[in-house]
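Below is one structure, written out as structure tokens; the observations come after it.
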Amino acid sequence: MEVLPSRRPPRDARGVRAWLKQNLFGSISNSIISVVSIGLGVWAVVGLVGWILTSAHWAQLWANLRLFAVYRYPADLLWRPLGVVALVMLLLGLTAGASGRGSGEIIRGVFWWFFNLVAVLTVLGLFFWPAVRWLWVMVAAAGLLGYFGGRAFPGVMRSMAYLWGASVVVAVLLLTGTGGSGALRTVDTKQWGGFMLTLVLAIVGIAVSFPLGIALALGRRSRLPVIRYVSVTFIEVIRGAPLITWLFIASLLVPLLFAVSPDRISALFRAMVAVTVFSAAYMAENVRGGLQAVPRGQNEAARALGLSGWQTTRLIVLPQALRAVIPAIVGQAIGLFKDTSLVFIVGLFDFFNVSNTVASQPQSLLIPGGIRLELSLFLAAVYWYFAYRMSVASRQLERQLGVGTR
Amino acid sequence: MSEVAAPRGPVRADAPDGGTRIIEIDGLNKWFGEFHVLKDIHLSVNKGEVVVIIGPSGSGKSTLIRCINRLEEHQEGRIVVDGIELTDDVRNIDQVRRETGMVFQQFNLFPHLTVLDNVTLAPLRVRKWKKAQAEERAMYFLEKVGIPEQARKYPGQLSGGQQQRVAIARALTMEPKVMLFDEPTSALDPEVIGEVLDVMVTLAKEGMTMAVVTHEMGFAREVGDRVIFMDAGQIVEVGTPEHFFQNPREERTRAFLSKIL
Amino acid sequence: MATTRSSNSGSARIPFYRNVKTIGLLAQIVFVVVVVAAMYIVYHNVSTALRASDIPADFSFLGNRAGVPIAESVIRYSPNDSYGRAFVIGVLNTLKVALVGVVAATLLGILIGVMRLSRNFMLRQIATVYVETLRNTPLAVQIVFWYTAILTPLPPRILNAVMAPGGILLSNQGIALPWAYPTHHFPAMLPVLALALVAGLGTWWWWRRRLIRADRPGSAAGPGWLALLLVLLIGYFAVGRAPLPADVTTSFRAASGVVTAFRDLDGNGTRGPNEPTVPYVKIDARVPDGQLQVQTQDLVESRRLVYSTFRFPILRPSDAAKFEVAFADPAKAAAQDLHLAFKRFPSRGVVYQDRNHNGAFDAGEEIDTAAEKPRGFNESLVLTATDFHWRLVTDRYGEARIPRFEAEAAAGGSVSGGTNISPAQLFSQPTATSQATLKADFTLQKVRPLVWSVPRVPISTYVGGIELTTNYLALLIALIVYTASFMAEIVRGGLQAVAKGQTEAAKALGLSDGQTFRLIVFPQALRIILPPMISQYLNLTKNSSLAPLAAYAELFAISVIIANQTGASVPVTLMLIAAYVVISLAFAFVLNIVNARMALVER
């Protein structure tokens, strides 16, 4: 039999017209909806863009960018927080450059995303911010140096963990200072703030709550009833009340707990305690989900090979459980990043709370109607940018992990 | 399930005299809650013997084999493996597990580790071998099961038959004195069962002590020294494969065999 | 379990540190010791610190007078009430925002979730943008956005409130709606209620039996409800109007415009401390003649600077004939060629200089060109009312207000103040106005069991009806909009999870799109959707604790105030945690029931 030649589909099943018909103008009601919603959409976008470009008062916001970035961190010491950023970019670059295929792709994606952001800020700095111009150049250079360094010497991958560990110490020392009155003089945490503080809180919260959460999750799955009940109670009580109450409670009770006078414990530390403990309870639930997803057979196989209970947990169960919950943990990180905005309740001036300061500056109040709308949009845009990028990365990660395990 | 007591008291599945007893189970009883899964089991296995345990599902055969390395805890009776009694003593349990290898129905390979890491994990962590030594032994056994070229892959990239062979190599690398097989071919596609059985046959012929729960009667016939039929938590009949497949004594055995052969 | 005969016979000889069973016990004992020790240290430190710093450590402070003003509460509250009552009001306010929020967020979430799966490209895109922007922005930012950037600056100020149909008022102080309240006559309805209940249940039972007898399908609920409503309605009108008890009378403070209905037990005409007020009384207020004064202002409204505006209390346009607005100093105004233009007679307008002499107000004419910086004309205006009637309904505290009229006699001389003077100031300087006390008559009306209270604005606040404050609305809208973005994803996931085969099977049976969705897809999706939805309900409730950002006084905000005022940090903390844990447990309880029922449906 002769093979019939394939023909192209008829006109109205392909091309722009088919798409329009399928997606916008399939029926009368559909067409009405399309016209109305396109109209509304255009109106909203034109209105918003018009307002942003013409009526909005951005000058006051622009004048306060340093507050938004670091709050009252001394102007002559800005090289220290930016030095930390440079350090992170260097190590991230090294890791991205040196890591192989597979998970390396994700790290490289993260690196390039950060690098693009740094590049934009560097360009802005070169034009508009003379005080930090060369510091941003340093950050960008560190990123590139790290990346190509990593490409050239993939061997550094072996010592990466130590480098990251050391960088934590260096970062803490840089931000707080070592004392004296020179370049490394101590900066009181009262002067910390802005986006720097938001990042510090989010990173410390997730990093410290990670081991705590694992411990709590294991406790909740322990076969020993006492340990189980204590873990369950702890997790459920912490999760029962919202973060803002724990921040408030920490600000009241942490000094009492440590039996020292309240002013000896900084608001930052209190906030960190609350954020970490709160995050740990949620982390525990995420990890527990992962633990439940590991089949019983894995445990049995490990025990049958003679591994001890602890070895089984550490080498077999946890690695699988944690891999399964990475997307959930990224989700939690996004949540925590957003939730750091609640530290206003303990009197910290994070990125969000700085906007309240700026809004009540006399110059802002002179502007008719204030600049609350401008501030809100700015805040929303910045938070959104980071949270959205993280969620996109998380979805990619989820897909890649899904492929990996199959 | 009829509660007919065995006519002459519990059937003893003792190993023939003259060998070295490596597994001794005496008066074993086990309950899951109120359910009596294992009833008065007496079973011993000599060094180098291949014991095949058959029986309908739910007869307790898997539970029995899992008691031998204490994946299941028994409530009554004695289990002695290579002269070590399984008690609440953690040290004894660890020793027994070290000396017994186990192969599971669902393979239970560790999906986050490569084949080689799966195989070397226990030797490194439990036997505290050097890495080079562990990998050398691992490769030896992977070659033995016929898949050395897959060593760097992850279990998820292998077929079921290959995975089960890795699982066997993983157990063998610990150089156990006894190998326990818990329905090793039940989860496999029919066309790959053969490759796993071949490995097991070779192993049996090399003199490994094996306790095998399986439905593969061909395997039982070819290398089994003794076949044990279990039903409703007790040993119903014991015998050589020839005896077993040609003229089983018990009615229940006959009924079971007629269904599966 | 059977007694151990010889099992694990060696167990007696095993050293305890190697015994599987004792190891577990040992671990627990060690754990308990550590936990108890930690708790003891905490307890010790806290109690030492408390003793040293003289902070209240028990709950006795709850009975003390709070002295905190709380702007809105579901039940009666005054600063004289106790801290305990303030806390309860916090809980109620949390519930008030949570309940409304949950319902509205569910509806919005379903709408957006369904839109995300729409075949219409635009709807899909709008829903996607909605979800991706709103759930990735902190709730705190969103609350502040609604509160400080939208609801406070954008709507008109209260004296220029938008009068929506149905007596609804909108302004930057919130929304006020008409509302029905039970009067002193309400107890007369109790037998009617009982009767209606009986009638409803009886009809339902009877109708059901008829249906069963006739072996017909159908529901008896409809007739039941109908009977219940019918009896209620007839009963309501049959009960009729009732006069107030004979000793109820009113007292009026002209300075603040407040009229109080109370039981004049001693008959002296003024309210003593032990004489109770009467809530929800209908009063007919009549002002034979009175005057209001205001000063024009340059003010920012809806983010624009408006010059030379004046506002009188919102008065109904229907009463317009009874009012007259004029310059307090007509000669001066005439000299400057100043005129009045009304945006809404008589309550709102602008003072302008008719520079182009066209006899009408044109944009720009309200600005005083003689001034250095742009500003309006600063003029005093007087509104004169003749034979003005107000129908008032007292609030739950037995109070109602009329605009702060002054008697005409006083206004002829020096014009002072205007609406900006607070009542307190007026009390402190009585000499000027006391001679000219306003004459107003108040007639108490008979009432039905319910009274319809319509909101008004006598003095720059809403009075009457029910008020949804800007604070409440900002928090509520932010919570709804934010939570709905998560709910939309849940709904979308649930709908997508219902197998495509189900839709195809339904279509193959000939069901329409709508029927397929309503009868096949949605019920199945509901099973997947409901459990995560309930945890979103809990999230919404817990997130209402961000109320301080909108200055709304709910559980958390009030607890912070109480803790700061009393210093009783530990007891307040415990109460706060307990309240939230109880709320969480309640949700968990509901979730368990739902899960159990869902599992049942599955079988």
| Quick one: if you take sqrt(5λ) for each eigenvalue of the C-alpha gyration tensor of chain C, what semi-axes come out, biggest first, whole angstrom? | 56, 35, 31
| At a probe radius of 1.4 Å, what is the per-residue accessible area of B:Glu149, in Å² to the nearest 10? | 120
| remark: The answer for the net charge of residues other than C:Leu117 whose Cβ lies under 14 angstrom from its Cβ, with Lys and Arg +1 and Asp and Glu -1, is +3
| So which aspartates and glutamates pass the test for C:Lys282, namely a Cα distance under 14 Å, with those fewer than 8 places away in the same chain ruled out? | C:Asp395, C:Glu399, C:Asp441
| In terms of modelled amide H atoms, which long-range or inter-chain residues lie less than 5 Å from the amide H of B:Glu85? | none
| task | Among A:Ala281, A:Ala96, A:Ser27, pick out the residue whose Cα is farthest towards the positive end of the charge dipole of chain A, where Lys and Arg carry +1 and Asp and Glu carry -1 on C-beta, about the Cα centre. | result | A:Ser27
| query | Of A:Trp134, A:Trp384, which has the most accessible area with a 1.4 Å probe, and how do the rest follow in descending order? | reply | A:Trp134, A:Trp384
| Leaving out same-chain residues fewer than 8 places away, which lysines sit with a Cα under 17 Å from that of B:Lys144? | B:Lys205
| task | Hydropathy first: keep DSSP H helices in chain B averaging at least -1.0 on Kyte-Doolittle, then drop any whose Cα extent along the axis falls short of 30 Å, and list what survives. | result | none
| query | According to a simple spin-label model (label point 7 Å from Cα along Cα-to-Cβ), what is the distance in nm between A:Ile28 and A:Ser55? | reply | 3.8
| said: For chain B, what does the relative contact order come out to in percent, with C-alpha contacts under 8 Å and a separation of six or more? | reply: 25
| request: Would you calculate, for the protein assembly as shown, the mean residue ellipticity at 222 nm contributed by helices, counting each DSSP H stretch of 4 or more residues as -39,500 (n - 2.57) and dividing by all residues, to the nearest 500? | output: -17000 deg cm²/dmol
| query | If you place +1 on the Cβ of every Lys and Arg, -1 on the Cβ of every Asp and Glu, and leave all else neutral, what size is the dipole of chain C about its Cα centre, to the nearest 20 Debye? | reply | 3200
| note | In degrees, nearest 10, the alpha-carbon axis of helix C:555-566 is tilted away from the dominant principal axis of the alpha carbons of chain C by 80
| said: From Cα pairs below 8 angstrom and at least 6 apart in sequence, can you work out the relative contact order of chain A, rounded to a whole percent? | reply: 17
| field | Dipole moment magnitude, nearest 20 debye, the stretch A:64-187 about Cα centre, only Lys, Arg, Asp, Glu C-beta charged | value | 20
| field | Residue pairs, from the table B:Lys47/C:Lys21; B:Lys39/B:Lys177; C:Lys343/C:Lys373, whose Cα atoms sit over 28 Å apart | value | B:Lys47/C:Lys21
| message | Run the numbers for C:Val34 and C:Ala194: contour at 0.36 nm per residue of separation, minus the present Cα-Cα distance, in nm. | response | 51.6 nm
| note | Partner aspartates and glutamates whose C-alpha sits under 15 Å from that of A:Lys338, ignoring same-chain residues fewer than 8 away, are A:Asp350, C:Glu132
| request: With only Lys, Arg, Asp and Glu charged, each at its Cβ (+1 for the first two, -1 for the last two), find how big the charge dipole of the protein assembly as shown is about the Cα centre; round to the nearest 20 debye. | output: 1240
| remark: Here FRET efficiency (C-beta to C-beta, C:Ala221 to C:Asn378, R₀ 60 Å, nearest 0.05) is 0.35
| Chain lengthening between A:Leu124 and A:Tyr388 when straightened (0.36 nm per residue, less Cα-Cα) | 92.8 nm
| note | Surpassing 25 Å at the alpha-carbon level, of the pairs B:Lys61/B:Lys153; B:Lys130/B:Lys153; A:Lys21/C:Lys507, are B:Lys61/B:Lys153
| task | First check a/c for the stretch A:64-187, with a ≥ b ≥ c the square roots of the eigenvalues of its C-alpha gyration tensor; if it is under 1.5, answer rounded, and if not, answer prolate when a/b is larger than b/c or oblate otherwise. | result | oblate
| request: For every other residue with a beta carbon closer than 9 angstrom to the beta carbon of A:Ala281, add +1 if it is Lys or Arg and -1 if Asp or Glu, then tell me the sum. | output: -1
| field | Extended-chain gain in nm, criterion 0.36 nm per residue less alpha-carbon gap, C:His357 and C:Asp387 | value | 7.3 nm
| Nearest 10 degrees, 0 to 90: helix C:121-134 Cα axis against chain C principal axis | 90
| Can you name the helices of chain A, as whole DSSP H runs, whose Cα span along the helix axis is 20 Å or more and whose Kyte-Doolittle mean is not below 0.5? | A:28-50, A:79-98, A:103-128, A:133-152, A:160-176, A:194-220, A:225-240, A:267-293, A:318-339
| message | Angle check, please: helix C:221-239 long axis (alpha carbons) against the longest principal axis of chain C (alpha carbons), in degrees 0 to 90, nearest 10. | response | 30
| At 37 °C and 0.692 mPa s, what whole-number value in µm²/s does Stokes-Einstein give for the translational diffusion of the protein assembly as shown, with Rh from the Kirkwood sum over Cα pairs? | 86
| request: Have a look at C:Leu509, C:Trp390, A:Val208 and report the one farthest towards the positive end of the charge dipole of the protein assembly as shown, computed about the Cα centre with Cβ charges (Lys/Arg +1, Asp/Glu -1). | output: C:Leu509
| request: Between B:Asp14 and A:Ser103, with labels modelled 7 Å along Cα→Cβ, what's the label distance in nm to one decimal, could you check? | output: 5.7
| Taking springs between alpha-carbon atoms closer than 10 angstrom, which of B:Val145, B:Val11, B:Val96 fluctuates most in the Gaussian network model of chain B? | B:Val11
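The values are calculated or read from the model by the stated rules, or taken from the named source; none is laboratory data. Remember, it's a predicted structure, so these values are computed and weren't measured experimentally. Using ideal geometry, Cβ is built from the backbone for each residue, glycine included, and neighbour counts are taken over all protein chains shown. All accessible areas refer to the heavy atoms of the entire protein, side chains included, with ligands and DNA or RNA removed. Shrake-Rupley method; radii C 1.70, N 1.55, O 1.52, S 1.80 Å.
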